[in-house]
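Chemist: Structure incoming, see below.
The values are calculated or read from the model by the stated rules, or taken from the named source; none is laboratory data. These numbers come from a predicted model, not from an experiment. No Cβ is skipped: glycine too gets one built from the backbone with ideal geometry, and neighbour counts run over all protein chains shown.
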Amino acid sequence: MRSIDQIYIDGRFVTPHGGERFDLFNPATEARIGQVRLGDEVDARVAVAAAKRAFRAFSHTTKAERIALLQRFHDAVAARAESLAEAMTLEYGAPHYFVDFSARRTASVFLDMAKTLEAFDFSQTIGGAEVSLQPLGVVAAITPWNSNFGFICGKLATAIAAGCTIVVKPSEMSAIQTQVLTEALHETGAPAGVFNIVNGRGDVVGAELSSHPDVAKVSFTGSTAVGRAILRAASETMKRVTLELGGKGPNIILEDADLESAIPTVAMMGFGNSGQACVAGARVLAPRSRLPEILERLKATVGAIKVGETTDPEVMIGPMVSQKQWDRVQGYIRLGLEEGAQLLIGGEGRPQGLERGWFVRPTVFTGVSNDMRIAREEIFGPVLCVIPYDDESEAIAIANDSAYGLQAYVESADLAHARRIANQLECGRVVINGAPHEPLAPFGGFKQSGIGREYGRFGLETHLEARAILV
């Protein structure tokens, strides 16, 4: 049983003022594995004050000094990769491939940002004006549970590169992962107050950070509903915001797609991270002319997917993070049937042979129209909707007919053809034929999938303000 009773403020592990205890669970077994003591509004204010003090000096550091700190962060986190993977497996239950990617990728975000910083010009002359880009100030980063240490490190790296200081409010459901990461970051000897990490509830610590007058920017990854609340609170003091919110990504299978490779890609893009991903390709748009073949192949592919504890490297889908999330996914499966959709495979309940743990049967609905709730709302679980289309103009219209616009997918044997379709999609990213992640490209959403961009130069610029001096 793990007990976490400290938070990290001003370069030290300290006992929080808040006294609430929050239970931690292994989602694969439903067993209670620990408890974390949560911070409160007082702790959030103390952390902001520490970050504000540190900003005075840190905002004047050189690029070389910040690059050196990013390198130290990389080295410290890379050295803890195995411990981070173990914590994620225990506390979140992510599949082995996702845990492995996350543990390796997390440290590299610091090197990616160091590379970006090295090439970045903070000053230029425009006409008769000298223009300089200045760090905003104290950044509040509020992160979710579905890729805990990856989100923390990504936001931390960007703030550091810009010369900002930061207060992180991670998900309280990920406290063991957060503790391992914080211990690693502490070992770098970063100046006190440059980064602070406060476990706490979103409606307590997150709300305080979103409204605190000394916080210059909020960077939030999570649900659209919470993003709206943060935006309202931030507007009172004109904070800058970056919001990476929900998604209901379309995956368009074009008529010329090679289904032998396309269907496994569709399954991976829809069920990756057990479907608990804002970027999931949850709406599968299929040409009606090839629908029978697509459904046959999709059913066979999904039927072969292994669900279970993620200590098994063959498992593709692990458990949902909590009982609440399991109940949510089950509710949407029932809703789909009530709306008139048909099950191609899957359905309610746990997979056969798994009587404990918050496991969900990988589910695919057919007979879905784009106006059904299962096609419009983010389920955040391993549930796909197959929506047929007659021609490409209809496919594009269906894909764009969504409140969301985060990430879309196109499957085609003709890359030029796929690019033509991609250029017509209303979203922040389009992935063609399962292309790999590009860490320096901007990431963020159109419409209700968010505001602003993260990663690389685009993410760095959101932490800076332009100052023009006219001589």
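Chemist: Which ones in segment 345-369 are more than 16 Å from VAL329 (Cα to Cα) and crowded, with 19+ Cβ neighbours inside 10 Å?
Modeler: Answer for segment 345-369, where residues must be more than 16 Å from VAL329 (Cα to Cα) and crowded, with 19+ Cβ neighbours inside 10 Å: THR366, VAL368.
Chemist: Looking at segment 385-469, what helices (runs of 4 or more DSSP H) fall wholly within it and have at least 3 residues that are at positive phi and in contact (Cβ under 8 Å) with a residue 40 or more places away in the chain?
Modeler: Working: elements: 392-400, 415-422, 456-461.
Where helices (runs of 4 or more DSSP H) fall fully within segment 385-469, none carries at least 3 residues being at positive phi and in contact (Cβ under 8 Å) with a residue 40 or more places away in the chain.
Chemist: Also: Considering segment 322-343 alone, what residues qualify as being over 22 Å from THR29 (Cα atoms) and either under 27 Å from the mean Cα position of the chain (by Cα) or part of a helix (DSSP H, G or I) (or both)?
Modeler: Going residue by residue through segment 322-343, those that are over 22 Å from THR29 (Cα atoms) are 332-343.
TYR332, ILE333, ARG334, LEU335, GLY336, LEU337, GLU338 - these are the residues of segment 322-343 that are over 22 Å from THR29 (Cα atoms) and either under 27 Å from the mean Cα position of the chain (by Cα) or part of a helix (DSSP H, G or I) (or both).
Chemist: Against the definition (in the same structural domain as VAL383 (by TED's automatic domain parsing), surrounded by 16 or more Cβ atoms within 10 Å (Cβ to Cβ) and outside any loop (DSSP other than H, G, I, E, B)), how does THR265 come out, yes or no?
Modeler: Details: in the same structural domain as VAL383 (by TED's automatic domain parsing): yes; surrounded by 16 or more Cβ atoms within 10 Å (Cβ to Cβ): yes; outside any loop (DSSP other than H, G, I, E, B): yes.
Yes, satisfied.
Chemist: In addition: Looking at segment 100-138, which of the residues that are touching a Phe, Trp or Tyr at 6+ places or on another chain (Cβ under 9 Å) and surrounded by fewer than 18 Cβ atoms within 10 Å (Cβ to Cβ) is farthest from ARG80 (Cα to Cα)?
Modeler: Step by step, filter segment 100-138, then rank; the result is SER132.
Chemist: Looking at the structure I just gave you, is GLY227 of a type in the set (Gly, Ala, Ser), in a loop (DSSP other than H, G, I, E, B) and at pLDDT 95 or above?
Modeler: Values: of a type in the set (Gly, Ala, Ser): yes; in a loop (DSSP other than H, G, I, E, B): no; at pLDDT 95 or above: yes.
Here the answer is no, as GLY227 does not meet what is asked.
Chemist: Could you name every one of the helices (runs of 4 or more DSSP H) located completely within segment 38-139 that has at least 3 residues being among the polar types (S, T, N, Q)?
Modeler: Working: elements: 41-58, 63-79, 81-91, 96-119.
Where helices (runs of 4 or more DSSP H) fall fully within segment 38-139 and carry at least 3 residues being among the polar types (S, T, N, Q), they are 96-119.
Chemist: Tell me which residues, restricted to segment 416-456, are of a type in the set (S, T, N, Q) and under 26 Å from ARG104 (Cα atoms).
Modeler: Passing the criteria: only ASN433.
Chemist: Restricting attention to segment 178-206, which residues are over 20 Å from LEU70 (Cα atoms) and assigned to a helix (DSSP H, G or I)?
Modeler: Going through segment 178-206, the residues over 20 Å from LEU70 (Cα atoms) turn out to be 198-206.
Scanning segment 178-206 gives GLY202, ASP203, VAL204, VAL205, GLY206.
To keep it simple, each residue is scored yes or no on (1) at pLDDT below 95; (2) in contact with a helix residue (DSSP H, G or I) (Cβ under 9 Å, 6 or more places away or on another chain).
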{"position": "LEU111", "(1), (2)": "no, yes"}
{"position": "THR116", "(1), (2)": "no, yes"}
{"position": "PHE120", "(1), (2)": "no, yes"}
{"position": "GLY128", "(1), (2)": "yes, no"}
{"position": "VAL131", "(1), (2)": "no, no"}
{"position": "PRO135", "(1), (2)": "no, yes"}
{"position": "ALA140", "(1), (2)": "no, yes"}
{"position": "THR143", "(1), (2)": "no, yes"}
{"position": "ILE152", "(1), (2)": "no, yes"}
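Chemist: Just wondering, is there one or more residues in segment 25-38 that are aromatic (Phe, Trp, Tyr) and touching a Lys or Arg at 6+ places or on another chain (Cβ under 7 Å)? Full working, then the answer.
Modeler: Of segment 25-38, the ones aromatic (Phe, Trp, Tyr) are 25.
Keeping just the survivors that are touching a Lys or Arg at 6+ places or on another chain (Cβ under 7 Å) gives 25.
Yes.
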